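Written out below as C-alpha cells is the structure these notes cover.
Bear in mind these aren't lab numbers, they're just calculated from the coordinates by the rules spelled out. None of the values given here were measured: they were computed from a predicted structure. Cβ: placed from backbone, ideal geometry, glycine included. Neighbour counts: every protein chain shown.
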Amino acid sequence: MAYDRYVAICQPLHYERVMNRRACVQMAASAWITSIVYSALHTGNTFRLPFCQSNVINQFFCEIPQLLKLTCSDSYLSEVWALAFAIFAYQKPTSSSASGLDLVVGVLYSLVPPVMNPIIYSMRNKEIKAALKKLIVWRLFTKS
C-alpha cells in the first residue's frame with residue numbers, strides 16, 4: 001500500500017503502467033510468502049527450545065521475547081536471531097527487562113498506530129481541516 005501511494009504521488013502519469021495487475025499480484029504474493037516463512041522459522045525455533053518454567057505469560061500477546069523468558073536454556077542466541085530477523089518489532093532491551101515495560105510497549109505498539117491512522121489521513125482533507133479550525137475558533141471565542 002505504501003508503494004502504491006508513493007507511485008500515485010511521485011509518478012502520477014506512470015501509475016497505470018507501474019501499478020498493473022502483475023505488480024499487485026507480485027507484491028501480495030511476496031507479503032504472503034515472507035510472512036509464512038517468517039512465522040515458520042519462529043514456530044520451529046519455539047519448538048526447539050526447552051521450557052521448564054510456568055506456562056503463564058504476563059502479557060496481552062504471546063510474543064517471542066516473552067516466550068524466551070520461559071526457557072530453561074541460555075536464550076541469548078535465540079534473542080539475537082529474533083532481533084536479526086525482526087529488528088523493528090522487538091527493538092528494545094533483552095527479554096530480562098521489566099515485564100511492566102513490555103506490557104506498555106505491547107499495548108502502545110498495537111493500539112496507537114491504528115488509532116492515529118484515521119486521524120492523520122483525515123487531516124489531509126481540506127473540508128475536515130476547515131471544520132476543525134472552525135470548531136477550535138468557535139470554542140475559543142465562546143469560552144471568553
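Normalised size of the range 1-48, defined as Cα radius of gyration per 2.2 N^0.38 Å with N residues, equals 1.65.
Using a Förster distance of 22 Å, how high is the FRET efficiency between residue 36 and residue 110, based on the Cβ-Cβ distance and rounded to 0.05? Computed FRET efficiency for residue 36 and residue 110 comes out at 0.55.
Each residue, residue 134 and residue 59, gets one label point 7 Å from its Cα in the Cβ direction; the gap between the two is 4.7 nm.
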